[in-house]
Amino acid sequence: MTVEARSSSQSRPVDLTWIGQAGFALLAGSTRILIDPFVGEHELRRVAPPPLEQVACDVDWLLITHEHMDHLDPAFLPVVVERSPGVQIVLPSPLVETVTQLSSCDRLHPVQPGDKLRLSDDASLEVMPACHAVDVGEAYGDGSTGERTARFVGYLLQFGKLSVYHSGDTLVTTELLEHLASRTVDVALLPINGRDYFRERAGLVGNMGVREAVGLAVQIGARTLVPMHWDLFEGNTERPGAVLDEVVATGADLHVLTLARMRSYRFA
């Protein structure tokens, strides 16, 4: 099922489908893009994985923001390559060695913040910085060990006049704000699960919370905020309605869109 939102700033329809957690599929014309799909089984998973035929087929581009299993699903990579033989994979450059064990390197596009890539005649992306950590014992940062070795990224996708920003897992930083300051963002896909002592004690690296997500969306001029990363794992959830509460409390001029899994929403 597809529902539709209209805006004069958009030149052609783009269908956005939430797969769960931080996973999304975008369809613009004939170009299908997946971002961070996690379809694997897990003992703490609260929602059953979607059918593979709904996720892995006819994929042109697979975008990976970082190496955590709910963003880089190792069991899914061989499946998507088999079912979508032409798929191209975009990922932070330090992850190439990991992924080449699962897929041929000729389809890989290693990137770093600031890089730009043309996906089709109507679609392009720019790589944004992100601030996260591989393990809770590490300081939060870009994960780099040298020049151009950031392990965490986000993606700003441009479809004609429509721009969609997927932040990956991140906190809000001055660097991120500076990168986004001169860009136009129509739709922001942002994590809201937050960061706290008890979850970090359980080994869960955190993200921005509800208030930060709303603040970031307002700061970058986004028109629509789609909360993500709030639903999948026991012990690491958040109430998406809190985003709307925050928008109402602050008077922000911002749409909040909470998507149902595997149901497309059309921006047209």
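Using +1 at the Cβ of each Lys and Arg and -1 at the Cβ of each Asp and Glu in the chain, identify which of ASN193, VAL153, ILE33 lies farthest towards the dipole's positive end.
The listed residue farthest towards the positive side: ILE33.
By counting other Cβ atoms within 10 Å of each Cβ, how are THR17, THR173 ranked from fewest to most?
THR173, THR17
Let me spell out the model: positive unit charges on the Cβ of Lys and Arg, negative unit charges on the Cβ of Asp and Glu, origin at the Cα centre of the range 2-267. What dipole size does that give, in debye rounded to 20?
For the range 2-267, the charge dipole is close to 660 debye.
Of the trypsin sites (Lys or Arg not before Pro) in the range 184-268, which ones lie in a loop per DSSP and count no more than 14 other C-beta atoms within 10 Å?
Answer by residue number: ARG263.
Need one word for the chain: rounded, prolate or oblate. Basis is the Cα gyration tensor (sqrt eigenvalues a ≥ b ≥ c); a/c below 1.5 gives rounded, then a/b vs b/c decides.
Rounded, since a/c falls under 1.5.
Taking a ≥ b ≥ c as the square roots of the eigenvalues of the Cα gyration tensor of the range 10-168, is the shape rounded (a/c under 1.5), prolate (a/b larger than b/c) or oblate?
rounded
Where in the range 214-268 are there GluC sites (Glu not before Pro) that are in a DSSP coil and have at most 12 other Cβ atoms within 10 angstrom of their Cβ?
Filter output for the range 214-268: GLU234.
Quick one: of the DSSP bridges fully inside the range 2-267, what percent are antiparallel, nearest 5?
Expressed as a percentage, antiparallel bridges in the range 2-267 total about 55.
Please work out the C-alpha center-to-center distance from the range 211-232 to the range 239-263 and express it in whole Å.
8 Å
Which of GLY241, GLY143, GLY23 moves the most in a Gaussian network model of the chain with Cα springs under 10 Å?
GLY241
Expressed in whole Å with the largest first, what are the equivalent ellipsoid semi-axes of the range 102-170 derived from the C-alpha gyration tensor as the square root of 5 times each eigenvalue?
Calculated on Cα positions only, the semi-axes equal 24, 16, 10 Å.
Quickly rank 159-165, 113-119 as a protection proxy: mean count of other C-beta atoms within 10 Å, highest first.
Ranking the peptides 159-165, 113-119 by packing returns 159-165, 113-119.
Once amide H atoms are placed 1.01 Å from N in the peptide plane, what residues at a sequence separation of 5 or more from LYS161, or on another chain, have their amide H within under 5 Å of its amide H?
SER11, ARG12
Among residues other than VAL134 whose Cβ falls under 9 Å from its Cβ, what is the net charge (Lys/Arg +1, Asp/Glu -1)?
Once all neighbours under 9 Å are counted, the net charge is -2.
Assign one of three labels to the range 126-265, namely rounded, prolate or oblate, based on the Cα gyration tensor with a ≥ b ≥ c the square roots of its eigenvalues; rounded applies when a/c is under 1.5, prolate when it is not and a/b is larger than b/c, and oblate otherwise.
It comes out oblate by the Cα gyration axes.
Given Cβ point charges of +1 (Lys, Arg) and -1 (Asp, Glu) and nothing else, what value in debye, to the nearest 20, does the dipole of the range 123-253 about its Cα centre take?
Using only the charged Cβ atoms, the result is roughly 220 debye.
Each reported figure results from applying straightforward, stated rules to the coordinates on display, with no laboratory input. The structure displayed is predicted, hence computed values, not measured ones. Note: ideal-geometry Cβ built from the backbone for every residue, glycine included; neighbour counts use all protein chains shown.
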